[in-house]
Amino acid sequence: MRPIDSVECSGNSPPRDTASALAAAPALQADAVKTGHRRLLLIEGSAAWTLEAAQRVTSALAPNTPRWIGTRFGPHALPPSKAPELLGGECDLLVYDLHGGLDADALGAAVGTLRGGGLLLLLTPPLERWPALIDPEAGRIAVHPFTAADVGRRFVGRLARLIAQSPTVHRCRETGGGSETLTTQVLSAATASHAPVRYREVNCLAPLTPGTPATPDQQQAVDAICHLARTRGRRPLVLTADRGRGKSAALGIAAARLLREHPLRIIVTAPRRTAADALFDQATAGCPTALQALRFVPPDALLAERPAADLLLVDEAAGIPAPLLGRMLDHYGLIVFATTVHGYEGTGRGFDVRFRATLDARTPGWRALRLTAPIRWAQDDPLEQLINQALLLDAEPAADDRIATLDLGSARFETLDRDYLAGDEPLLRQVFGLLVLGHYQTRPADLRHLLDGPNLAVSVLRTDDAVLATALTAEEGALADELLIPIFDGRRRPRGHLLPQTLSAHAGVFDAPRLRFTRIVRIAVHPAARQRGLGTRLVESVTEQANNSNHDLIGASFGARPELLRFWRRCGLVAAQLGTHRNAASGAHAAVVLRALSESGQGLLREARERLLPRLAVQLAGPLRQVEPAILTELLHDAPTREPPLTPAESRELQGFADALRSFEAALPVLHRTALLTLPRALQAKALDADQAAAFIAHVLQHRDWSWADGPPQHQGKAERLRLLRAAARRLAYFC
């Protein structure tokens, strides 16, 4: 197929103009069907004109039924906020209106539903003018007191540039006229640059047979799942793939095959039921009675109820909090984890790297399979390549072997100019690739925040052209006095001020919003450069920068894990707050750590620290009862206490429990007092071993019963726990 020639026409006869000017659309669709690729037709111009043009194009492409995404298409259209609901579905004609705003997550989700041979109509302002306009979605990025006009235009500008430079994008452009005259120009970027467009001469995608593997990759995955189900032992299978490779379908095909052989109890779990639709569709296609044997259970209910299963299938595992995955691994012997690596969710790469350590430690015989051949579209799909590049779904840090050749000691600290960063693709890919690796829940929207957030900054440690570590920081606080009471009372939550709001509304530190904070939003070190002190160096450099900017405190908020609390303590940031609810994304309670940079900051940190232990003493028996003792051990490390010394009578009670046979129930009040008085200092002095500390926290502060099952098997049961508690009491008595 040759490039579509430039066509320009005008007049008062829209049908005739449409037939001439928009003849590109049927030709483009015909080429897509021939190659099995998906193609992009860009319709750029005013909001009214692009809508009219899209309606005429979709009419010309009948009988294909278009899927409309936007806010001005009427009730039959899907708003961008609901685009993630499309995951698992498919279409052949997609119309996405960006005049209503650019939602990066929604764009990635919607494009992933387009089949090979399909056509995407993207409606935008003129590309050369688009970056100068205020995007309607910018309000979601504008933190208090900024407005949408203060939000950067780098993300939109970069997207417009990539679209304009792509030789595979065809553009239908408004060039003039008014309400009575329609003037259009249809051209390809390749034509404008005089570059030839080469199309793969391949047949259309072969029709798929439901319930049957479509590629050798998928067949191998199905065979591996069936082999796992027929064996014994603990050898989990991990399936990874980019979007459109048939990973979920492979789970369903395998389930159908197994259920045809003999009855099995197969449980399916995923972040949401719709994420498993493809699995259930394929299972029922291959085995009509599959729905009677397959059972979907949400992750939290699965671990609360622990239903018996012969096989557990975990789809989109990267979207499930890591602690929950670990508990599934502990409880279920035969389990398949499947996840998207480069996709709309943007989470799979971090899962692939971080979950390996858990698998290696708990089930060293685990097996990994990667599906690479696309099923929904043909290989080398130009739209997939463009969306991957635009949303950095395939972003990677520098290669490990490249890092191995560098002198890490010569790494220099730098806060990047974000205008420069948006135009330097290799640098941007490295920075964002590191953030994806370092965080489970990185999404395309995070890329836009990174480039355009008005209160954000991007810092790196790098040497030569390799980024070794990166940190995303935010300026928070310095809020007006009239906001102090509404924030403290929980009536106001000004966007973008996580640390001061958390300290005020949840930790009870009234004046926190007055002070100026630097929050480290994300931090990541290259996997090949870890354990070399780079993370600590980066935090120290960011801290110095915050101090030079006259900020009062530097801090971070994150899903509490023992190793993270230890890292931040090494960096000089100490615990000031623990959230009472588990975060839906991380599955962990959010901890806040702080370091004071000014006299005012020291006063705030002192107040927060003094309030920490008394608050935890109450909450640990209630909303924090299920927090892992290992986390609390790190959290309570060196926490200040104002508990008065034990009385002589209390000391006798403590001695009676520690050195004699006084019952735990009778001694519990004095043990509780002893914990508040001595435990932080004892933990700092390493006076208790890990098992003693865990038992003391679990039974004395959290009031767990003797059936509490965490900890080593040799320390299970009431008799063994009492031995640990008496030993801990003897050691704590020295700190009274």
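The values are calculated or read from the model by the stated rules, or taken from the named source; none is laboratory data. This one's a predicted model, so the numbers in the text were calculated from it and none came from an experiment. Quick reminder, even Gly has a Cβ in these numbers, built from the backbone with ideal geometry, and neighbours come from all protein chains shown.
Hey, among the residues in the range 655-688 that are more than 20 Å from LEU565 (Cα to Cα) and of a type in the set (Gly, Ala, Ser), which one's surrounded by the fewest Cβ atoms within 10 Å (Cβ to Cβ)? Only one residue fits best here, namely ALA660. Regarding the range 260-277, can at least one residue be identified that is under 21 Å from PHE351 (Cβ atoms), in contact with a Pro (Cβ under 6 Å, 6 or more places away or on another chain) and either of a type outside the set (Ser, Thr, Tyr) or buried (at least 24 other Cβ atoms within 10 Å of the Cβ) (or both)? There is at least one residue in the range 260-277 that is under 21 Å from PHE351 (Cβ atoms), in contact with a Pro (Cβ under 6 Å, 6 or more places away or on another chain) and either of a type outside the set (Ser, Thr, Tyr) or buried (at least 24 other Cβ atoms within 10 Å of the Cβ) (or both). Summed over the range 536-595, the residues that are modelled with pLDDT under 95 and more than 30 Å from ARG272 (Cβ to Cβ) give a count of 0.
Residue count for the range 237-254, restricted to those that are crowded, with 24+ Cβ neighbours inside 10 Å and either in contact with a Ser or Thr (Cβ under 6 Å, 6 or more places away or on another chain) or at pLDDT 90 or above (or both): 10. Evaluation of ALA621 against the conditions (1) more than 27 Å from LEU325 (Cβ to Cβ); (2) outside any loop (DSSP other than H, G, I, E, B); (3) in contact (Cβ under 8 Å) with a residue 12 or more places away in the chain; (4) among the aliphatic types (A, V, I, L, M) shows that the sole unmet condition is (2). The condition (being buried (at least 21 other Cβ atoms within 10 Å of the Cβ), within 30 Å of ARG327 (Cα to Cα) and not assigned by TED's automatic domain parsing to the domain that holds GLN692) is satisfied by just one residue among ALA546, ALA560, ALA590, ALA584: ALA560.
Kindly indicate whether any position in the range 35-52 is surrounded by 13 or more Cβ atoms within 10 Å (Cβ to Cβ), over 33 Å from the mean Cα position of the chain (by Cα), modelled with pLDDT under 80 and over 23 Å from ASP97 (Cβ atoms). Checked against the condition, which is being surrounded by 13 or more Cβ atoms within 10 Å (Cβ to Cβ), over 33 Å from the mean Cα position of the chain (by Cα), modelled with pLDDT under 80 and over 23 Å from ASP97 (Cβ atoms), the range 35-52 yields no hits at all. Of the residues making up the range 206-232, those that are surrounded by fewer than 18 Cβ atoms within 10 Å (Cβ to Cβ) and at pLDDT below 85 number 7.
Each row is one residue, and each column tells you yes or no for (1) out of contact with any helix residue (DSSP H, G or I) (no Cβ under 7 Å at 6 or more places or on another chain); (2) of a type outside the set (A, V, I, L, M); (3) in a helix (DSSP H, G or I).
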site: THR274; (1), (2), (3): no, yes, yes
site: ALA278; (1), (2), (3): no, no, yes
site: ALA283; (1), (2), (3): no, no, yes
site: LEU291; (1), (2), (3): no, no, yes
site: ARG295; (1), (2), (3): yes, yes, no
site: ASP300; (1), (2), (3): yes, yes, yes
site: LEU303; (1), (2), (3): no, no, yes
site: PRO307; (1), (2), (3): yes, yes, no
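Where helices (runs of 4 or more DSSP H) sit wholly within the range 398-464, those with at least 2 residues that are closer than 23 Å to GLN545 by Cα and modelled with pLDDT of 95 or more occupy 418-423, 425-438, 444-452. Selection of the range 699-721 for residues being at pLDDT 95 or above and assigned to a helix (DSSP H, G or I) yields HIS699, VAL700, LEU701. Checked against (1) under 19 Å from ASP277 (Cβ atoms); (2) modelled with pLDDT of 85 or more, GLY326 passes all but condition (1).
Contact map, the range 292-315: first residue closer than 17 Å to ARG273 by Cβ, second residue among the aromatic types (Phe, Trp, Tyr), Cβ cut-off under 7 Å, separation 6 or more or different chains; pairs are LEU294/PHE280; LEU312/TYR332; VAL314/PHE337. When the range 640-654 is filtered for residues that are modelled with pLDDT of 95 or more and surrounded by 16 or more Cβ atoms within 10 Å (Cβ to Cβ), the ones remaining, listed by number, are LEU646, GLU650, GLU653, LEU654. If I filter the range 541-552 for residues that are closer than 30 Å to PRO614 by Cβ, touching a residue at least 60 places away in the same chain (Cβ under 8 Å) and in contact with a helix residue (DSSP H, G or I) (Cβ under 6 Å, 6 or more places away or on another chain), do I get at least one hit? Taking every residue of the range 541-552 in turn, at least one turns out to be closer than 30 Å to PRO614 by Cβ, touching a residue at least 60 places away in the same chain (Cβ under 8 Å) and in contact with a helix residue (DSSP H, G or I) (Cβ under 6 Å, 6 or more places away or on another chain).
Residues in the range 506-532 that are crowded, with 20+ Cβ neighbours inside 10 Å and in a helix (DSSP H, G or I): 3 in all. Does the range 599-606 include one or more residues that are more than 25 Å from LEU677 (Cβ to Cβ), more than 29 Å from the chain's Cα centre (by Cα), in contact (Cβ under 8 Å) with a residue 60 or more places away in the chain and surrounded by fewer than 21 Cβ atoms within 10 Å (Cβ to Cβ)? Among the residues of the range 599-606, at least one is more than 25 Å from LEU677 (Cβ to Cβ), more than 29 Å from the chain's Cα centre (by Cα), in contact (Cβ under 8 Å) with a residue 60 or more places away in the chain and surrounded by fewer than 21 Cβ atoms within 10 Å (Cβ to Cβ), which makes the answer yes.
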